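Each remark here refers to the structure printed beneath this line.
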């Protein structure tokens, strides 16, 4: 009888420990995702600031920049010196997204 109670108590402690570990893991993952999203938001803001100094950014331009993923933002920063008009921005974003789509298709077809 006493052994069964001890076993039940240890099972309960194990369960509580698993829950605590799961919570900690969730917090770590949340912090990582939050940092990544914060970094991307900072990159988007910086790109908008730089381009805003050169040209008038429309809400459509801002939405296009906001829709870019991490890889596309990196590629846009590499060609930012060539962007002076809304048309330049639109062209560069189209080029980058097409290249990324082709790269993804190539990887998936392998």
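The values are calculated or read from the model by the stated rules, or taken from the named source; none is laboratory data. Remember, it's a predicted structure, so these values are computed and weren't measured experimentally. When we count neighbours, we look across all protein chains shown, and the Cβ atoms used for this are built from the backbone with ideal geometry, even at glycine.
Before moving on, here are some points about what is shown:
- Residue check, residue 39 at pLDDT 90 or above, in a helix (DSSP H, G or I) and loosely packed, with under 10 Cβ neighbours inside 10 Å: no
- Hey, residue 76 in a loop (DSSP other than H, G, I, E, B), touching a helix residue (DSSP H, G or I) at 6+ places or on another chain (Cβ under 8 Å) and closer than 18 Å to residue 37 by Cα or not: no
- Within region 47-59, if we keep just the residues that are in a helix (DSSP H, G or I) and touching a helix residue (DSSP H, G or I) at 6+ places or on another chain (Cβ under 8 Å), the residue that is surrounded by the fewest Cβ atoms within 10 Å (Cβ to Cβ) turns out to be 50.
- Failed item in (1) under 23 Å from residue 36 (Cβ atoms); (2) surrounded by fewer than 11 Cβ atoms within 10 Å (Cβ to Cβ); (3) modelled with pLDDT of 90 or more, with residue 87 passing the rest: (1)
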